[in-house]
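The values are calculated or read from the model by the stated rules, or taken from the named source; none is laboratory data. Being a predicted model, the structure only gives us computed values, none of them experimental. Here Cβ is always computed from backbone atoms with ideal geometry, including for glycine, and neighbour counts include all displayed protein chains.
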Amino acid sequence: MTYIIDRRLNSKNKSAVNRQRFLERYRAHIKRAVSDAVDKRSITDMERGEEVTIPARDISEPVFHHGSGGRRSAVHPGNKEFVQGDRIPRPGGSGGGGGGGEASDSGEGVDDFVFQLSRDEFLDYLFDDLELPNLTKRHLKGDASFKYERAGFATDGVPAKLSVFRTLQQAKARRIALSGQSRRRMVELEEGIAEAAGEGDEVTGMRLRSELARLERRERRIPFLDDTDLRYNLHVKKPVPTSQAVMFCLMDVSGSMDQATKDIAKRFYLLLYMFLKRHYERTEVVFIRHHTTAREVDEHDFFYSRETGGTVVSSALKLMKEIVDERYSPDTWNIYAAQASDGDNWNDDSPICGKFLSEQLLPLVQYFAYIEITQRSHQALWREYERLAGEHADAFAMRHITAPGDIFPVFHDLFQKREAA
Amino acid sequence: MSPSLDVGAVSRPRSSSAATTQRRTPISTTSDWTFDLIRELDHEIGLLAEEYGLDTYPNQIEIIRSDQMMDAYASVGMPIGYHHWSYGKQFVSVEQQYQHGMMGLAYEIVINSNPCIAYLMEENTFTMQALVIAHACYGHNSFFKGNYLFRTWTDAGSIIDYLVFARNYIAECEQRHGVREVEALLDACHALMNYGVDRYKRPRPISAEEEKRRQRERAEWVQRNLNDLWRTLPETMRRREADDERVFPSEPQENMLYFIEKHAPLLEPWQREIVRIVRKMAQYFYPQRQTQVMNEGWATFWHYTLMNRMYDEGLITEGSIMEFLSSHTAVTFQPPYDHPGYRGINPYALGFAIFSDLKRICEEPTDEDREWFPDIAGGDWLEVVHDAMRNYKDESFIQQFLSPKVMRDLRLFAIVDDDDDDAIEVNAIHDWSGYRRVREQLASQYNLGDREPNIQIARVDLRGDRSLTLRHAQHQRRPLGDTTDEVLRHLHSLWGFPVRLESVRDGEVVARRACPPESGGAD
């Protein structure tokens, strides 16, 4: 007796729960591996998984087993040259180890446990316990997306949406309702006819029979299906609130910014972009670069073209304000801005920046992050911003980066989950 | 059912001339399988298997995808398992290796249940499905049904029900007491799993419904009984004196999980039940761990015999038999000790060699065979192999049936690695003076009692600190491995009071460990 069953259509991922438990248990290891990877990897290929290594001693499941030492014997196959009584020097000079691989005897192997995180898992761990500040402020209706939702039944619609079940139900109800009275009368009539026949009352019998025939004709005239029975599935269009964000990347491209500094900035921007993308359905990026004047450019120019000249930071801020006014109404957009600079600025300009930011820009934006990438001491711009940070702690943050290794910690620090105040 | 002589006589492989006269049309000439073909294959193989007297549970053949096979791997081949991170780890590692092409998946997994469930991979060719059906559905299946260890220790009819019970019970505990707590408990139990089996005492199989019914009674009863053991109320002096002399347990206990389940003072009833579940699992897998060589050897021997019969009868094509032979050769390949791919003795190779040799000894005995196996040389091979399958485990099977010829073919040699000696000594090889010693050493290599340290529960300090003392009887001066302290920590978490471990050699304590550590107690 044999049963043959096709299980191929059964759900996969039977082990998903166990896998999740495993990841949960080694969370600390995985997070460390992820954060190491971020430092090592070029940020452009951040969107892939990562190999995670967990030391064997942390992951082994302990059992009672024999350690090395003592006297142990073993049988091996494939003898070529040995005869009884041969003495073989110990391989490697260490005690124990039975000439070949006695893998089964010593319990766990000593190799570290290595496995691959998927891309999504990688990003999850990357942005774990980070959150966007002021996220809840603007969850707004976008105009783009609608969703159809069931909303009961309607009496008119297109044939394709006819609900057969509902329609027949309706028809049956109507037929019962329309014929109820006459059917009750028909039962009475039948009883009457039988009674009349029993008493031999021909006349009454005839009268009753003709009424019965009339009622039956009438009942047959009740239509099986009527226009009024038709019911259609009703779907209504519902706007789906979408949240959208725009991210402004502001960068100083004056002569003092070298490519290495720009690369650091680029990594920071990419992290921020990926992070925003995970939170908002629509994320747009605006690149603004500036030296003495500011210009909106595309991504390639933003990161790779070189310019020289002095630095006027306020020019970029003003351009950003213009663009916001023109295209990104704060009513419908979540606005984030990240500014990267080596800290150089025209001295007279720094107070203007401070004033402009606090009066014009900060009320519009969700969050404004400033990172200064420099090995030197801070200049006027940093001090001006420091004052700002004190006044607008919820919307403005600034950090100092000296090496690529700082990027992730600084990013992490900027977007750390805050306790609800 | 034992094969009668007649069956054996009928079933001798026919001579090639006889076979050619009654060749039948092949079941299939392409390499693709369909459900109808599988049904036909199974029918034909089943008929042949019956001729050879293979007594099996009904088969349940399930076709699965490769990712489902990985799931099956991860759950140690059980169709239903409770959740635990270690299975996730297993899954992750299989998935990793498979995706990187470092390992192929097995063609099948078979479960000791009634009906006997065999998973066949969708990717297999028609020939491979035939091989797998012969191997799993008739080879392993008849082994599960026939071997004395499986008959004694496992109850194929109720295992699936029990697994369902275990999974639901543990899920319920997780809801009630938190995933973390249950996981910690399972970690501790898994560490002691190998010491959760009765090696000698025979268990009574009970059905899953009964199990469920008993579970509630047991919870109450155990708690009451325990309180009696641990009673701290004042008693009369006389009774106390009597108690002080009492050693508990009266005999050393080998089944640690059983002892914990019944006597650990601080466990909650649900915790005892989980200990019991792990213990039952360990017991269920215990026969498999002792019959690797035999089980695989038996299944391999039969897929080889059945496939050749199929070919002789014309049921499979020449192309199929070539494909089959190439797989079969790969499976039974035994790399020599100095081969980079050497991973110890291949159970398929050794088991297949011994079973095939038994058949040879019966059919074409040499003088050597007559000297070594006077009982079976020239006998009925079918009866001999069935008897070997039924009544032995790896250790005794090798001790009994490993012939000089197999030792020569595999070129087996025995070494002794003694840490008192500066070199490894070859103490026997495949020659006249060495056969017995090689055989003895190989057999002991498969003795679980030798492979695992001999550790038993020696005593419990009932009136003092309630500590639990384990006794490790050292064998060949071999010390315990480096995870021992961790296992003791797990044991301590179960017992709730100090746990000590003494290693004893020749009646003398040579090493002590304890958890929590005691000053000057470490070795």
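Just checking, does the stretch B:512-523 include any residue being without any contact (Cβ under 8 Å) to a residue 60 or more places away in the chain, of a type in the set (S, T, N, Q) and out of contact with any helix residue (DSSP H, G or I) (no Cβ under 9 Å at 6 or more places or on another chain)? Looking through the stretch B:512-523, at least one residue is without any contact (Cβ under 8 Å) to a residue 60 or more places away in the chain, of a type in the set (S, T, N, Q) and out of contact with any helix residue (DSSP H, G or I) (no Cβ under 9 Å at 6 or more places or on another chain). Residue B:458 meets all of the listed conditions (1) farther than 19 Å from residue B:257 by Cα; (2) among the hydrophobic types (A, V, I, L, M, F, W, C); (3) more than 7 Å from chain A (Cβ to nearest Cβ) but one, namely (1). Condition check: closer than 21 Å to residue B:337 by Cα and either in contact with a Lys or Arg (Cβ under 8 Å, 6 or more places away or on another chain) or of a type outside the set (Gly, Ala, Ser) (or both). Does residue B:411 satisfy that? Taking the combined requirement at face value, the residue satisfies it.
State yes or no: is residue A:405 assigned by TED's automatic domain parsing to the domain that holds residue A:265 and without any contact (Cβ under 8 Å) to a residue 24 or more places away in the chain? No, not satisfied.
Identification of helices (runs of 4 or more DSSP H) wholly contained in the stretch B:137-198 with 1 or more residues that are within 14 Å of another protein chain (Cβ to nearest Cβ) and modelled with pLDDT under 95 yields B:141-146, B:159-177, B:179-191.
From the list A:289, A:267, pick out the single residue that is in contact with a Lys or Arg (Cβ under 9 Å, 6 or more places away or on another chain) and either closer than 24 Å to residue A:376 by Cβ or part of a strand (DSSP E or B) (or both). Result of the check over A:289, A:267: A:289.
Within the stretch B:460-470, not a single residue is of a type outside the set (Ser, Thr, Tyr), touching a strand residue (DSSP E or B) at 6+ places or on another chain (Cβ under 6 Å), assigned to a helix (DSSP H, G or I) and at pLDDT 90 or above. Scanning for something farther than 21 Å from residue A:396 by Cβ and acidic (Asp, Glu), does the stretch A:318-325 turn up at least one residue? No, that holds for no residue. Count of the stretch B:24-58 residues, restricted to those that are out of contact with any helix residue (DSSP H, G or I) (no Cβ under 6 Å at 6 or more places or on another chain), part of a helix (DSSP H, G or I), away from chain A (no Cβ under 11 Å) and in contact (Cβ under 8 Å) with a residue 24 or more places away in the chain, is 1. Residues being of a type in the set (A, V, I, L, M) and either touching a Lys or Arg at 6+ places or on another chain (Cβ under 8 Å) or not assigned by TED's automatic domain parsing to the domain that holds residue A:268 (or both) are represented in the stretch A:365-373 by at least one member. The requirement of being at pLDDT 80 or above, facing chain B (nearest Cβ under 9 Å), part of a loop (DSSP other than H, G, I, E, B) and within 26 Å of residue B:81 (Cβ to Cβ) is satisfied by residue A:8. The numbered conditions (1) surrounded by fewer than 17 Cβ atoms within 10 Å (Cβ to Cβ); (2) in contact with a strand residue (DSSP E or B) (Cβ under 7 Å, 6 or more places away or on another chain); (3) among the small types (Gly, Ala, Ser) are all true for residue A:78 except (2).
Return the residues of the stretch A:17-39 that are buried (at least 21 other Cβ atoms within 10 Å of the Cβ) and among the polar types (S, T, N, Q); say none if nothing qualifies. Result: A:18, single match. Checked across the stretch A:295-303, the condition of being modelled with pLDDT of 80 or more and touching a Cys at 6+ places or on another chain (Cβ under 6 Å) holds for no residue.
Count of the stretch B:322-365 residues, restricted to those that are away from chain A (no Cβ under 14 Å) and either in contact (Cβ under 8 Å) with a residue 12 or more places away in the chain or within 28 Å of the chain's Cα centre (by Cα) (or both), is 19. Looking across the stretch B:471-495, the residues that are farther than 20 Å from residue A:57 by Cβ and either modelled with pLDDT of 90 or more or not in a loop (DSSP other than H, G, I, E, B) (or both) come down to B:471, B:472, B:473, B:494, B:495. Taking the stated definitions as given, is residue A:204 touching a residue at least 40 places away in the same chain (Cβ under 8 Å) and surrounded by fewer than 16 Cβ atoms within 10 Å (Cβ to Cβ)? When the stated conditions are applied, residue A:204 does not pass them. The sole residue among B:294, B:256 that is touching a residue at least 12 places away in the same chain (Cβ under 8 Å), closer than 22 Å to residue B:156 by Cβ and within 26 Å of the chain's Cα centre (by Cα) is B:294.
Here is a check on your reading of the model: is residue B:400 part of a helix (DSSP H, G or I) and within 7 Å of chain A (Cβ to nearest Cβ)?
When the stated conditions are applied, residue B:400 does not pass them.
Here is the figure for the stretch B:405-442: residues that are more than 8 Å from chain A (Cβ to nearest Cβ), in a helix (DSSP H, G or I) and within 28 Å of residue B:502 (Cα to Cα) total 0. Quick one: count up the residues across the stretch B:59-73 that are touching a residue at least 24 places away in the same chain (Cβ under 8 Å) and facing chain A (nearest Cβ under 8 Å). Total meeting the criteria: 9. Being on the phi < 0 side of the Ramachandran plot, modelled with pLDDT of 80 or more and outside the structural domain of residue A:273 (by TED's automatic domain parsing) is a condition met by no residue of the stretch A:35-49. The set of residues from the stretch B:55-96 being at pLDDT below 80, small (Gly, Ala, Ser) and out of contact with any strand residue (DSSP E or B) (no Cβ under 8 Å at 6 or more places or on another chain) comprises B:74, B:75.
When the test is whether a residue is surrounded by fewer than 21 Cβ atoms within 10 Å (Cβ to Cβ), away from every other protein chain (no Cβ under 14 Å) and outside any loop (DSSP other than H, G, I, E, B), residue B:307 does not pass it. The set of residues in the stretch A:255-286 being of a type in the set (Ser, Thr, Tyr) and either in contact with a strand residue (DSSP E or B) (Cβ under 8 Å, 6 or more places away or on another chain) or loosely packed, with under 15 Cβ neighbours inside 10 Å (or both) consists of A:261, A:269, A:273, A:280, A:283.
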